[in-house]
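Working notes for the structure below.
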Amino acid sequence: MMLNWNEFLIETPKALTIIGMAKNVGKTVTLNYMQKALYAQGIALGLTSIGRDGESFDALTHLAKPSIVVQPQTIVATAEKVIIDPNLWDYLQQTDICTPLGNVVILKAKSVNQVVLAGPSKNEDVRQLLQCLTRWGTRCTLIDGAFDRQSSADPLVSSQVVLATGATLSRDVEELLHITTCRVEQLTISKSNDDYLKLYHHSKAKVLVIGHNQCQEYFVSTSLLSITQWLTILEDDCSVLIIKGAMGDGLAQALLKKQRIPIVVVQDGSKIFITVGLWRQLRARNIQVQAVQPISLLGVTINPTYPGGKGIDPGVLLQKMGAALAPIPVMDVVQERKF
């Protein structure tokens, strides 16, 4: 029996983004399950995406992949050229938001249907679409985040996120736990204090270094600098580092060479692109990474299978992932079980 929405995730956000840690981790299966759970409770539902998804065949593996199934009365925002049969939809509106597959149109499903989602790639366009869907009466819009694109979790689009993970990342349970836990830790960094938030918003510099009550601004073109570049910026007395952009491995390597690791402030957890090994080393040194805009991770779904293989025992993976990520809910939507 299907979990009802309150059992699944408790709250119903206005917008919720589903992101996958890799291909074939069950993002589409999660999306379809969530749609059915919301529909069963009579919640007016919207659906869109960041970029394109919902192809019949995986663009990388060329294997058949699950279709995005739309429930009746769902309001969908997608590119006009991917609509195969217009007779299956009520046409509501054409927008001025452009994609490579034409302008985004707003449609309402007449019945259970399948759809290819091709939405805008810019977060500001997605925000505009969310406002448009709300005007058409949606109470909750599900956003299909682009494959392995953490920026799909940008809280300026949707502050609430569900993360899909699975055996495609690793067939070794312990390694899969490490990889997923690392991503969860990064996505769920806490909010920074007001003083640092003011500096972040008032400065136009890409990097700000605070030490001995002084703030040094660096107007670099990118925050993805090399370890050498970072070591020239990071003074020994640096107590706080504010970054407008991504936090990558170059910075992680530089921080690990410092006697004292400063507090690091980033826009949000989706801007952290540090590999598992380096992240673990930083955590061992008690690094504090804080967010201007925190992300609310509502849950994690697991896919114990991978293309062409046996996969991991579903019960074992659910128990171990649930214990590792508690109190964040962990769900296997195929088995319809929750830890």
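Numerical summary
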read-out	value
Matching residues, segment 28-56, being surrounded by fewer than 24 Cβ atoms within 10 Å (Cβ to Cβ) and touching a Gly at 6+ places or on another chain (Cβ under 6 Å)	Ala44
Evaluation of Thr165 against (1) touching a His at 6+ places or on another chain (Cβ under 6 Å); (2) buried (at least 20 other Cβ atoms within 10 Å of the Cβ) (one fails), failing number	(1)
Residue count for segment 5-27, restricted to those that are open to solvent by less than 10 Å² (accessible area, probe 1.4 Å) and either modelled with pLDDT of 95 or more or in a helix (DSSP H, G or I) (or both)	2
Odd one out for Ile243, checked against (1) out of contact with any Ser or Thr (no Cβ under 9 Å at 6 or more places or on another chain); (2) free of Cβ contacts under 8 Å to residues at least 40 places away in the same chain	(1)
Odd one out for Leu177, checked against (1) outside any helix (DSSP H, G or I); (2) under 29 Å from Leu325 (Cα atoms); (3) open to solvent by 10 Å² or more (accessible area, probe 1.4 Å)	(1)
In segment 112-133, the residues that are touching a residue at least 12 places away in the same chain (Cβ under 8 Å) and within 15 Å of Lys14 (Cβ to Cβ)	Val126, Arg127, Gln128, Leu129, Leu130, Cys132, Leu133
Members of segment 100-141 that are crowded, with 20+ Cβ neighbours inside 10 Å, polar (S, T, N, Q) and assigned to a strand (DSSP E or B)	Thr141
Test: residue in segment 49-67 that is touching a Lys or Arg at 6+ places or on another chain (Cβ under 8 Å) and modelled with pLDDT of 90 or more	no
Any chance Thr95 is β-branched (Val, Ile, Thr), out of contact with any Phe, Trp or Tyr (no Cβ under 7 Å at 6 or more places or on another chain), open to solvent by less than 70 Å² (accessible area, probe 1.4 Å) and farther than 17 Å from Thr141 by Cβ	no
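Residue by residue, here is whether (1) at pLDDT 90 or above; (2) among the basic types (Lys, Arg); (3) touching a helix residue (DSSP H, G or I) at 6+ places or on another chain (Cβ under 8 Å) holds:
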position: Gly102; (1), (2), (3): yes, no, yes
position: Val105; (1), (2), (3): yes, no, yes
position: Ala109; (1), (2), (3): yes, no, yes
position: Lys122; (1), (2), (3): no, yes, no
position: Leu133; (1), (2), (3): yes, no, no
position: Trp136; (1), (2), (3): yes, no, no
position: Arg139; (1), (2), (3): yes, yes, no
position: Asp144; (1), (2), (3): yes, no, yes
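For every residue, the table says whether it meets (1) modelled with pLDDT of 95 or more; (2) under 15 Å from Thr165 (Cβ atoms); (3) out of contact with any Cys (no Cβ under 8 Å at 6 or more places or on another chain); (4) not basic (Lys, Arg).
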{"position": "Pro294", "(1), (2), (3), (4)": "no, no, yes, yes"}
{"position": "Leu298", "(1), (2), (3), (4)": "no, yes, yes, yes"}
{"position": "Gly309", "(1), (2), (3), (4)": "no, no, yes, yes"}
{"position": "Leu317", "(1), (2), (3), (4)": "yes, yes, yes, yes"}
{"position": "Lys320", "(1), (2), (3), (4)": "yes, yes, yes, no"}
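The values are calculated or read from the model by the stated rules, or taken from the named source; none is laboratory data. Bear in mind that the values here come from a model prediction, so they are computed numbers and not experimental data. Neighbour counts are summed over all protein chains in view; Cβ atoms, including those assigned to glycine, are modelled from backbone coordinates with ideal geometry. For the accessible areas, the whole protein counts, side chains as well, though only heavy atoms, and no ligand, DNA or RNA atoms are used. Shrake-Rupley method; radii C 1.70, N 1.55, O 1.52, S 1.80 Å.
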